[in-house]
Amino acid sequence: MPRSKSQSLKSPSRHVAELAKLKESASLLRQQKRKLEQELYEARFHLNSLLDINDTIHYLVYPQLPEKNFFSARWEKIMGFSPRKTRQPLQEKKNQVLIDSLSAYEKGMEELRKKQKIQLRYQYQNPKSRKILWLQEEIMITYDLLSDQEVWSGTITDISEAEFFKEYIAESEKRFKNITDA
């Protein structure tokens, strides 16, 4: 025998109890979300603190989803521009590579497509300070399954002091050789 309309409807007290349970669950989920957001913020802060210990930049570039790009805080200090304020930060970086290093830099970038991993050394001019730096960069292309696209991960290290010291030693050796040969 079919149920009557009144029998098929839940009792009002049961409905109120279920609604209260849903509100409690929603409140708990909001609290958990706030806690996870705080933990994520703290984890990012600690990560950036660790990444800022030396003169190395770390970055992730998603060519198809630039909003997912990550650049460590050192980028702006060493590279002289904010990667968030330019549409193509890697192209902007290339624009500051000195002409003496540009062909080797471009060859390295061509090799990246074939080998999926490269290491470059080049001279770079910081556009803000106009200071010339020696940089060493390692780039690797991997595939991100979550976003279903390639991602470029890289590190850039300022090796200027070591390179300028090598140049100084080479110049000193040359002067010493000229003196001893005379």
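One line per residue, one yes/no per condition, for (1) at negative phi; (2) modelled with pLDDT of 95 or more; (3) surrounded by 14 or more Cβ atoms within 10 Å (Cβ to Cβ):
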{"site": "ASP148", "(1), (2), (3)": "no, no, no"}
{"site": "ASP158", "(1), (2), (3)": "yes, no, yes"}
{"site": "GLU161", "(1), (2), (3)": "yes, no, no"}
{"site": "GLU171", "(1), (2), (3)": "yes, no, no"}
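Quick test for you: out of ARG84, ARG74, ARG175, ARG121, pick the one residue that is basic (Lys, Arg) and at pLDDT 95 or above. Talk me through it step by step, then tell me what you get.
Numbers: ARG84 fails: at pLDDT 95 or above; ARG74 fails: at pLDDT 95 or above; ARG175 fails: at pLDDT 95 or above.
Result of the check over ARG84, ARG74, ARG175, ARG121: ARG121.
Out of contact with any helix residue (DSSP H, G or I) (no Cβ under 8 Å at 6 or more places or on another chain) and on the phi > 0 side of the Ramachandran plot: which single residue out of GLN116, GLN136 fits that description?
Answer to the check: GLN116.
Every residue in the stretch 63-91 that is surrounded by 13 or more Cβ atoms within 10 Å (Cβ to Cβ) and small (Gly, Ala, Ser), please.
SER72, GLY80
Where the second residue is hydroxyl-bearing (Ser, Thr, Tyr) and modelled with pLDDT of 90 or more and the first is outside any loop (DSSP other than H, G, I, E, B) and lies in the stretch 60-86, which pairs have Cβ atoms under 6 Å and are six or more apart or on separate chains?
What qualifies is LEU60/SER153; LYS68/TYR62; PHE71/TYR59; GLU76/SER82.
Every residue in the stretch 102-111 that is surrounded by fewer than 17 Cβ atoms within 10 Å (Cβ to Cβ) and either in contact with a Gly (Cβ under 6 Å, 6 or more places away or on another chain) or not acidic (Asp, Glu) (or both), please.
Those that are surrounded by fewer than 17 Cβ atoms within 10 Å (Cβ to Cβ) and either in contact with a Gly (Cβ under 6 Å, 6 or more places away or on another chain) or not acidic (Asp, Glu) (or both): LEU102, SER103, ALA104, LYS107, MET109.
The values are calculated or read from the model by the stated rules, or taken from the named source; none is laboratory data. Keep in mind that what you see is a predicted model, and the values were worked out from it rather than measured. Because the Cβ atoms are built from the backbone with ideal geometry, glycine has one as well, and the counts that use them run over all protein chains shown.
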